Amino acid sequence: IRKLVVVLGDQLNRDALVWQDFDPTQDAIWMAELPEESTHVQSHKQRTVLFLSAMRHFAESLRQQAWSLHYLVLGSHDFVGFEQALGEFLSHHQVGAVELVVPGDYRVLQQIKVACQQNATPLNVLPDIHFIAEPGEFKTWLAGRKKPTMEYWYRHLRQRTGILMDDKKPMGGKWNYDADNRQSFGKTGPQAVPAPLMFTPDAITQQVIKDVEFHFAPHPGKLAEFGWPVTREQALAALEDFIAHRLAKFGDYQDAMWPNQAWLYHSLLSVALNLKLLNPREVMAAAEQAYQQGRAPLNAVEGFIRQILGWREYVRGLYWSYMPDWLSMNALNAQQDLPGFYWTGDTEMACLKDSIGQVLEYGYGHHIQRLMVTGLFALLWQAKPEQVHQWYLAMYVDAVEWVELPNVLGMSQFADGGLMASKPYIASGQYIDKMSGYCQHCRYKPKEATGDQACPFTTLYWGFIEQHQELFRGHPRLGMQVRHLDAMSTEKRQLIQQKILQLHEKLA
Ligand code: FAD
Ligand code: SF4
């Protein structure tokens, strides 16, 4: 074998650099279903089914071209991880070089490096041209600034690519329409949200479902309703469905939540994007075209494009700039264990019960549920960042470490001490009440911090401010909350502390 191309489960794009000078007469492909990828964090069953089914479909397309493919099927081998499985292959075959697009997980890259080193096989790690940022572009941008603010990175990429630009000016005259994107559904809730396109499992997916039930029976998550796209054709259909039916209201309701409404106006495209079944350029072009054709307003289109061109590219840049240090950061010295109900959804808190229940059902939660319900509670609870990271990486179908880790440790848990966010995203239950319909049917009251009906978010919120008051005092917005705390009676502050102790006894 002149060149062995290693394809990982989140590298299912045929426009990747590894294919550019692939010669089927001399080169071969290596893919493997490895248990460690589902067990290094206890992966949700839907997450494992998604990756394995998409890999098997991709392998099928390679076989149809009669390309030489070495594919290890789960259960047909005893290997645990990449180091062993690839190492074994290299020790039994004459391989000139291994070629690989840079993985989405630092850990996997290290394992592949070791396998190659141990067999003295040269390894070529190629840039991932799926992303808009060119190799080194983020590092150069980062080097010139004190604080890497997402908004400036986003503007930089818009200027460089011309996406949503009118010559040198942002389309519509403003860079950002976020202020228009904060509507809630009021007290009555959303009206007739179009259901997203889901895909009935074909024979390949059905077999994967059986395999996953067999090999990972105790893992979290349900498989009753698996409908994620696992091929490029399905991914394109999912994109079309979003653009036609939900994009127009994406902006208005981007931050809104409602019970039993898992999808709302979100795109659900992170899955297809992260497996590289979709290219971000085609996704943004489809959204921009919908604006040009008058099918979606600018606040929706700009808001959507900002998530992909701004946030998605930004977190990837940060991941590769700060790994592996990021893994051990704990700036707020959070030392609690993540409560057990995160794995079962068994809690009386209506917002958490719904958000976690939905994750168990589908492996999905939209951004505000991740940030301001599950993430916020973990932050206020002062859960160990490492445990929070492991939970997110395990539970969401779209979780790949490069995108999950900065969002969790940086944006949500402030474990990086402000590298990504200027302050911790903290709020009391009143924020959840304003943005959702959860509190209407909850046994707790979002305004109350003490007493039998105190909302645990609100109690923990004041406890958090109390504990970190010196850190927050000088901050323009959080400083005001410290002054509210200063104005609280000593008795009330003591009652809050007692309530926190009770919560720890009850929920830990
Ligand atoms: P939409 O709301 O329709 O957004 C459109 C697209 O923008 C998404 O598909 C996604 O590709 C991109 N996007 C939006 N926000 C972000 C962001 N903050 N970072 C990167 N890309 C973004 N996203 C993942 O893809 N995988 C994860 O494991 C993940 N973990 C997260 C953990 C936490 C604590 C938080 C706060 C966010 C996380 N996100 C993650 C980002 C975001 O929540 C998801 O991308 C989004 O909810 C996916 O659903 P969607 O496709 O319907 O998104
Ligand atoms: Fe969540 Fe508190 Fe509202 Fe209940 S009252 S749904 S716990 S925010």
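Before moving on, here are some points about what is shown:
- Stretchable slack from HIS215 to SER422, in nm (0.36 nm times residue separation minus alpha-carbon distance): 70.2 nm
- When Rg and the Kirkwood Rh are both derived from Cα coordinates, the Rg/Rh ratio for the range 213-284 amounts to 1.03.
- Cross-linked pairs LYS45/LYS506; LYS222/LYS353; LYS384/LYS506: Cα-Cα separations exceed 20 Å for LYS45/LYS506.
- Theoretical FRET efficiency, 1/(1+(r/R0)^6), r = Cβ-Cβ of ASP23 and ARG477, R0 60 Å, to 0.05: 0.55
- Rg and Dmax over the alpha-carbon atoms of the range 26-80 stand at 12.4, 38 Å.
- In the range 436-486 the Cα-Cα distances spread across 10 Å bins starting at 0 as 27, 40, 27, 6 percent of all pairs.
- Using all pairs of distinct alpha-carbon atoms, the Kirkwood hydrodynamic radius of the range 301-433 works out to 15.0 angstrom.
- Residue order, fewest to most surrounding Cβ atoms within 10 angstrom, among THR374, THR121, THR149: THR149, THR121, THR374
- Note that the range 73-87 has calculated 3J(HN,Hα) couplings of 8, 3, x, 9, 8, 10, 6, 9, x, 5, 4, 5, 5, 6, x Hz, one per residue in order, obtained from phi through the Karplus relation 6.51 cos²θ - 1.76 cosθ + 1.60 (θ = phi - 60°); glycine and proline are x.
- A viscosity of 0.890 mPa s and a temperature of 25 °C, combined with the Kirkwood radius over C-alpha pairs in the Stokes-Einstein formula, give the range 340-507 a diffusion coefficient of 150 µm²/s.
- Computed E for GLN292/GLN183 - FRET, C-beta separation, R0 25 angstrom, nearest 0.05: 0.55
- For GLU99, nonlocal amide neighbours, meaning residues 5 or more places apart or on other chains whose placed amide H falls under 5 Å from its own, are LEU4, VAL5, VAL6, ASN124.
- Ellipticity estimate at 222 nm from DSSP helix runs (n ≥ 4, -39,500 (n - 2.57)) divided over the chain, nearest 500: -13000 deg cm²/dmol
- Cα centroid of the range 65-82 to Cα centroid of the range 288-336, whole Å: 34
- The range 240-390 - Debye-derived log10 I(q)/I(0), Cα point model, q = 0.12 Å⁻¹: -0.62
- Extension gain for the segment GLU470 to HIS93, taken as residue separation times 0.36 nm less the Cα-Cα distance, is 129.6 nm to one decimal.
- Burial ordering of LEU197, LEU501, fewest other beta-carbon atoms within 10 Å first: LEU501, LEU197
- Antiparallel content of DSSP bridges confined to the chain, in %, to 5: 10
- With Cα atoms, 0 to 90° folded angle of helix 478-487 axis to the chain main axis: 30
- Semi-axis lengths, largest first, of the ellipsoid equivalent to the range 3-126 are 21, 18, 14 Å, with √(5λ) applied to each eigenvalue of the Cα gyration tensor.
- Cβ-based exposure ranking for LYS139, LYS45, in which fewest neighbours within 10 Å come first: LYS139, LYS45
- Semi-axes of the equivalent ellipsoid of the chain are 39, 26, 23 Å, computed as sqrt(5λ) over the eigenvalues of the C-alpha gyration tensor in descending order.
- If you plug the beta carbon distance of ASP325 and LEU501 into 1/(1 + (r/R0)^6) with R0 = 30 Å, you get a FRET efficiency near 0.30.
- One quarter of the convex hull surface built on the alpha carbon atoms of the range 109-259 amounts to 16.1 nm², the projected area averaged over directions.
- Extending 7 Å from the Cα toward the beta-carbon at both GLN494 and GLN453 defines two label points whose distance is 2.6 nm.
Computed from the coordinates by the stated procedures, all read-outs in this text should not be read as laboratory data. For clarity, every value in this text was computed on a predicted model and none was experimentally measured. Because the Cβ atoms are built from the backbone with ideal geometry, glycine has one as well, and the counts that use them run over all protein chains shown.
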